[in-house]
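Asker: Please read through the structure below; I'll follow up with questions.
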Amino acid sequence: MPTFELRDFQVAELAAGAATWNEFGLNAVDNELTIKGFSFVDGSLRQKNFQGTNFNCSVRFEECHFPADTTFDRARFSDNCEFVRCTFSGALSFDNVAALANFALVDCRVEDDAQFLQIAAKMSFSLTRSHFRGSVQISIAPNVNPAFYAFGARFRKSFTLSGQVDSLDAESARFFRAVYLSSLRISQGALLIEAKFRSVVDFAGLSVGQTLCLDKAYFRRRLSLLDATITQSISAVSARFRGEFDCGSSTARTIPRVDLSSAHFYSAVSFENREFLGATIFEQAVFKHAPAFHNAKLFNGTYFTGAVFEDVKSEHAESCYRALRTACSEIDAFVDEQNFFALEARSRREHLSGVHQRLFDLYAWSSDWGRSVTIPLWRFAQLQCICLAIYALLSFGNQWFCLTSPTCSVVFSGYEAQRVFSYALNQALPIVPAMKDGMGAPTSPIWIVPLVHFMAQLVAIIQSVLSVILLFLAGLGLRNMFRLR
């Protein structure tokens, strides 16, 4: 089969005597036609008009320059159409292009809007590393299912893709304005690894047959996956979401697997009405705002290890953490349930004042919201040391009284110190009578001065009550540690 390569002078010679491109005799080329290094800007209008042209071969435009309003509307290709390192000075139109196997713009530059409507590319549609300064609108014709490639591409204005594609690969692409994929159906997976989106991204209603991969992607504004259907999984490892992340649903919908480990969420996050059917990973993720999991059902393999939740002050933080606590309780994730209870309590504390707020502070200070065993025991030991010091000071008060009273017979000695220690320990553990018998209760009053006696009794009551509370909190922490109901 013959192959033709037309240089700039050959194309100019053909164009001089032809009214349309169909008159160039292109139907005689049945293998491949390459037009290289030709500028269509200086020629007549017909040179830029490929409208309705029939190409019975593969066509490759290489390093060509096209003027404004270049159109390939209703052109027909029997095989491939490629533009490599070409420049389009104005708008570009590919409407109703039929019988096309592969279409590609590689390393091209389009200075104005580009539209590719009802493209019947059967195998692939590629905009690899091309730069579009205007809006881009693409719709895939029915009954075809091409793979779509846009890795490394730059889209300065809005980008719209609709129809059905086999797969989508836009790794490292840059989108500077709104992106609309709401009417798109992807048979297999979508790869948006390290892509950057600087405006609103609308994936609402998107259908993905396998995995939606957003690893290391950057979203400056809102990302909507509302009512999106993901058959296999969503992966956004180390992604950055500056705007709202909405993966909720107006009705109950399932997500097989989610991996958001090390992702950063700087705004609201929603998984409302979602049911997770596979491993759900939020390890090392950072949430600047409380995530919404209302009416969500978590999978048994849900991991929040190392996740950071910074929001405890917003209006909806308490209800968000309550929903997560309830969801974790349903799958018996006791540690996560306790962690979200602590966040819920911290959020509630922020909306209290006065005594109620101070009580919440004491609960957090004494037991880390019921999650710790060592903290209550450490506070218990601190309390006994403080009370023992107070009893010792009161005992010294007795000694001072004895110095001024000739009838006083109390002398501070080792025996007296033992009685002070025994008295302090008896108040610390009032529920252990054997401890009292073992240490020996005082046989005569230690406190001679009535005021000192009153103060000692008051301290003893406070010590006993606080000791019981701290021991109870230690038991609560032990219960939570061993996940006991």
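The values are calculated or read from the model by the stated rules, or taken from the named source; none is laboratory data. Please read these numbers as outputs of a predicted model, since none were measured by experiment. Positions of Cβ are generated from backbone atoms using ideal geometry, with glycine treated the same way; all protein chains shown enter the neighbour counts. The accessibility values were calculated without ligands, DNA or RNA, using every heavy atom of the protein model including side chains. Shrake-Rupley method; radii C 1.70, N 1.55, O 1.52, S 1.80 Å.
Asker: Mind checking whether some residue in segment 345-355 is outside any helix (DSSP H, G or I), among the small types (Gly, Ala, Ser) and at positive phi? Spell out how you get there, then give the answer.
Answerer: So in segment 345-355, the residues outside any helix (DSSP H, G or I) come out as 351-353.
Within this subset, residues satisfying the condition of being among the small types (Gly, Ala, Ser) are 353.
Adding the requirement that they be at positive phi leaves none.
For segment 345-355, residues outside any helix (DSSP H, G or I), among the small types (Gly, Ala, Ser) and at positive phi: absent.
Asker: Hey, ARG483 hits all of (1) surrounded by 12 or more Cβ atoms within 10 Å (Cβ to Cβ); (2) at pLDDT 85 or above but one; which does it fall short on?
Answerer: Status for ARG483: all satisfied but (2).
Asker: Which residues, counting only those in segment 51-83, are over 21 Å from SER135 (Cβ atoms) and open to solvent by less than 10 Å² (accessible area, probe 1.4 Å)?
Answerer: THR53, PHE55, CYS57, VAL59, PHE61, CYS64, ALA75, PHE77, CYS81
Asker: Continuing with the same structure: Residue by residue through segment 148-158, note down the ones that are open to solvent by 10 Å² or more (accessible area, probe 1.4 Å) and either hydrophobic (A, V, I, L, M, F, W, C) or in contact with a Leu (Cβ under 8 Å, 6 or more places away or on another chain) (or both).
Answerer: Answer for segment 148-158, where residues must be open to solvent by 10 Å² or more (accessible area, probe 1.4 Å) and either hydrophobic (A, V, I, L, M, F, W, C) or in contact with a Leu (Cβ under 8 Å, 6 or more places away or on another chain) (or both): TYR149, PHE151.
Asker: Considering (1) surrounded by 20 or more Cβ atoms within 10 Å (Cβ to Cβ); (2) touching a Lys or Arg at 6+ places or on another chain (Cβ under 7 Å); (3) at pLDDT below 95, say which one VAL200 fails and leave the rest.
Answerer: (1) is the only condition that VAL200 fails.
Asker: Can you name the residue in segment 205-234 that is more than 20 Å from ALA292 (Cα to Cα) and in a strand (DSSP E or B) and, of all such residues, is nearest to the chain's Cα centre (by Cα)?
Answerer: Residue satisfying both the conditions and the ranking: TYR218.
Asker: Now for a separate question. So PHE88 clears everything in (1) open to solvent by 20 Å² or more (accessible area, probe 1.4 Å); (2) within 27 Å of SER139 (Cβ to Cβ); (3) modelled with pLDDT of 85 or more except one condition, right? Which one?
Answerer: (1)
Asker: Just to be sure I understand, how many residues within segment 289-307 are in contact (Cβ under 8 Å) with a residue 24 or more places away in the chain and either in contact with a Lys or Arg (Cβ under 6 Å, 6 or more places away or on another chain) or not small (Gly, Ala, Ser) (or both)?
Answerer: Qualifying residue count, segment 289-307: 13.
Asker: Does segment 256-272 hold any residues that are closer than 22 Å to ASP311 by Cα and open to solvent by 10 Å² or more (accessible area, probe 1.4 Å), and which are they?
Answerer: ASP259, SER261, SER262, HIS264, TYR266, SER267, ALA268, SER270, GLU272 - these are the residues of segment 256-272 that are closer than 22 Å to ASP311 by Cα and open to solvent by 10 Å² or more (accessible area, probe 1.4 Å).
Asker: Do we find that ASP311 is assigned to a loop (DSSP other than H, G, I, E, B), touching a helix residue (DSSP H, G or I) at 6+ places or on another chain (Cβ under 8 Å) and not aromatic (Phe, Trp, Tyr) in this structure?
Answerer: yes
Asker: Something else about it: Going by the structure shown, is ALA195 farther than 21 Å from PHE287 by Cβ and of a type in the set (A, V, I, L, M)?
Answerer: Criteria met by ALA195.
Asker: Please specify each residue of segment 239-252 satisfying the condition of being in contact with a Lys or Arg (Cβ under 9 Å, 6 or more places away or on another chain), free of Cβ contacts under 8 Å to residues at least 40 places away in the same chain, in a loop (DSSP other than H, G, I, E, B) and open to solvent by 40 Å² or more (accessible area, probe 1.4 Å).
Answerer: ARG242, GLU244
Asker: For PHE61, indicate whether it is within 38 Å of the chain's Cα centre (by Cα) and assigned to a strand (DSSP E or B).
Answerer: No: the conditions fail for PHE61.
Asker: In addition: Quickly run through segment 277-302 and pick out the residues that are under 22 Å from ALA252 (Cα atoms) and aromatic (Phe, Trp, Tyr).
Answerer: PHE282, PHE293, PHE299 - these are the residues of segment 277-302 that are under 22 Å from ALA252 (Cα atoms) and aromatic (Phe, Trp, Tyr).
Asker: Separate question: If you take the residues of segment 320-342 that are of a type in the set (Gly, Ala, Ser) and under 19 Å from the mean Cα position of the chain (by Cα), which of them is nearest to GLU272 (Cα to Cα)?
Answerer: ALA323
Asker: In the set SER172, SER167, SER183, which member is closer than 19 Å to SER124 by Cβ, among the hydroxyl-bearing types (Ser, Thr, Tyr) and more than 20 Å from the chain's Cα centre (by Cα)?
Answerer: Numbers: SER172 fails: more than 20 Å from the chain's Cα centre (by Cα); SER183 fails: closer than 19 Å to SER124 by Cβ.
So the residue among SER172, SER167, SER183 that is closer than 19 Å to SER124 by Cβ, among the hydroxyl-bearing types (Ser, Thr, Tyr) and more than 20 Å from the chain's Cα centre (by Cα) is SER167.
Asker: Suppose we keep only residues that are of a type outside the set (Gly, Ala, Ser) and under 15 Å from PHE265 (Cα atoms) within segment 292-311. Which one would you say is most open to solvent (accessible area, probe 1.4 Å)?
Answerer: Here the answer is GLU310.
Asker: While we're looking at this one, here's another question. Go through (1) open to solvent by 40 Å² or more (accessible area, probe 1.4 Å); (2) at negative phi; (3) acidic (Asp, Glu) and name the single condition GLU194 misses.
Answerer: The failed condition is (2).
Asker: Looking at this structure, is GLU315 open to solvent by 20 Å² or more (accessible area, probe 1.4 Å) and closer than 28 Å to LEU226 by Cα?
Answerer: When the stated conditions are applied, GLU315 passes them.
Asker: Out of VAL179, VAL208, I need the residue that is β-branched (Val, Ile, Thr), within 23 Å of ALA279 (Cα to Cα) and surrounded by 21 or more Cβ atoms within 10 Å (Cβ to Cβ). Which one?
Answerer: Only one candidate passes the filter, namely VAL208.
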